[in-house]
Amino acid sequence: MSRTALPLFAALGLVGSAVAQNVSDPNHGLRMTHDASTGAYGFSWWGRSGESYFLQHSEDLVHWVYLPIVESGIDQSIQWGFTSSATQFFLRLEIDSDPFNHSASGDGFSNGWKILWGFDPHVWLDPVGDSDGDGQTDSGEMNSNTNPRLKDHPVVQLSATGFILP
Amino acid sequence: MNPCKPSPHLQKTGYTTALLLVWLAVAFPCMAAAASDGDVPETNDDRAGLNFQVIERWEADVGDHLIFYNRVAPPAVPAVTLSTAEPLATNDAVATDLREQKKVDVLMLFATVVDHRITEVRWFSGSQQYRAFSTIDFNQLCGLGEIETADTVYSLIPGVSNESSEASGGLDRYATEQEWPTEAIQMAAANQTHSQYFVVPSDAPPPANILTALDALHVYYDGHRQELAEACAQREAQRLEKERWLKEHPPAPKDTVINFWPQKSSVYFDANQQEGQQ
C-alpha cells in the first residue's frame, strides 16, 4: 500500500477566532468557526502545496462518511461552509500526497477517484464489479472517465474536480 | 429525476474493519446522480435562514437514521437590516471602556487525568508543544469557563480524557511505562495540601503568559476546591440522570440534512461560476 495519507484531527471544539491560518500553524491551523447571523459553520485549514485533502463527517465520532471532495493545497487557506440539522456534528481532515495515484485498499482504484464517486478508499472495490449495473465494470468506468454510479447514463467526463460535465 | 433516491444497488450497508478503525467511514455514502439535467432542487435551512441550491445529493445510512448530504452552491447571505436606534454610547466612552478592559485570550489545554490523581497537560504555542503535570483533577475544571490574570481573561477550553493505571498495576508502573519525568512521579506520590504543577523542560521556554495563567488556575483551584468538587459531582449526577432518562425514553431518531459548500477553495467554484467551467 503506497498510501501516505494521514488523519489530521478529529474536529473539534469551536474556535471563535476569525484569524486566518498561516503556514506555521500546528495541525494545519484546522478550526471551525460559527457565523451567528446565519447559523452556518466554517471549517478551514492551511492547504500546503503538495498535499491534497479529504473531508469526513460524523455525528457520533463512530460513523464517518467521506464527502466527495478532494482539495489541493496551494499554500493558502481552504474553507468550506456547513449547516446541519443535527444537534452535533464533527469533521476531520485526511491528507494524501498523491490522491490520484495512491490506492489505500490496494484494489487499483485511486483514493481520489473513489472519494469523488462516493466509494470509501479503504474498502476494496472489485475491479470487475459493476456498481451501477450498466454492463461496464467499475475499472472500465474509471478508465473511460464515466460515472460508475449511474446506469445507462450518456457518456460523461470527470473534470479535475470530479464534477460531471454535461 | 429525483436525486434523493439512489437506485437500490447503491444502498450499501455499513462495514467495519478493526485495523483501520481510525480511518474508516463505516457508513457508506450512497451517491445519487448529480443534478446535471437542470432539475436542480432547492433546500432551505430554517435555522440558518439560508436558501440553498443543491448541486449534488446523496444519503448515508448510519443505522437508526439517514443523513442526507447536499453539496450546494454557496448561499447568498441574508441582507443585514441596519438599526436606526440611537447609539448606546459615544465613541469616546467605548474607547475608555476598551482601555479599561483586560485582554481576552483562549487557553486551550489538552488534559489526560490518571486515576483522578494527576493530570498530564499539553498545549501548543506556535508549532511548539508543551507538557506539564498537575495535581489538579482537570475533570473538576470542566465547569470553569474562564480564568483571570492581572491583565488577561482566558477562556478556558480544557479537552479532558481519563486514564486508569489499573492495567499497568498501579500509578508508579504506569508513570514508568509512560516515561514520565521523575518530578511528576514524585508529585503524584506526595500528599499535597495545595495543588502543584511541573512543566516538562522543552526546547523553547514556555510563554510567560501561559505560566501565569496556569498559576492563576492553581490558585483559583486551591481557593475553590470544595465548590469545584461539588459542582463536578453535580454535573456527573446530572449526566447519569440524563443517561438514565434517555435510556427509559429513547428519542426517535431523526434524519439529518447536511449542506456544504466551498468558501475558499483552490479547486472548487465560487457562487458565480457554473459546474464544469473551471
Evaluate the stretch B:203-211: report whether one residue or more is among the β-branched types (V, I, T), buried (at least 16 other Cβ atoms within 10 Å of the Cβ) and farther than 24 Å from B:A175 by Cα. yes
Scanning the stretch B:64-84 for residues that are facing chain A (nearest Cβ under 9 Å) and at pLDDT below 85, which turns out surrounded by the fewest Cβ atoms within 10 Å (Cβ to Cβ)? B:V80
From (1) modelled with pLDDT of 85 or more; (2) in a strand (DSSP E or B), pick out the condition that doesn't hold for B:T176. (2)
Here are B:V153, B:V160: which of them is touching a residue at least 12 places away in the same chain (Cβ under 8 Å), touching a Cys at 6+ places or on another chain (Cβ under 9 Å) and within 14 Å of another protein chain (Cβ to nearest Cβ)? B:V160
Taking only the stretch A:61-103 into account, find how many residues are within 8 Å of chain B (Cβ to nearest Cβ) and part of a loop (DSSP other than H, G, I, E, B). 11
Pick from the stretch A:37-60 the residues that are farther than 20 Å from A:I115 by Cβ and part of a loop (DSSP other than H, G, I, E, B): which of them is farthest from the other protein chains (Cβ to nearest Cβ)? A:S49
Within the stretch B:198-206, can one find any residue that is assigned to a helix (DSSP H, G or I), among the small types (G, A, S) and modelled with pLDDT under 90? no
Name the residues in the stretch B:185-199 that are in contact (Cβ under 8 Å) with a residue 40 or more places away in the chain and either closer than 19 Å to B:Y220 by Cα or not aliphatic (A, V, I, L, M) (or both), would you? B:Q192, B:S195, B:Q196, B:Y197, B:F198, B:V199
Consider A:G135 against the criteria (1) free of Cβ contacts under 8 Å to residues at least 24 places away in the same chain; (2) within 7 Å of chain B (Cβ to nearest Cβ); (3) on the phi > 0 side of the Ramachandran plot; (4) not basic (K, R): it satisfies all of them except one. Which criterion is unmet? (2)
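The values are calculated or read from the model by the stated rules, or taken from the named source; none is laboratory data. Everything numeric here is computed off the predicted structure, so don't read it as measured data. Note that each Cβ is placed from the backbone with ideal geometry, even for glycine, and that neighbours are counted across all protein chains shown.
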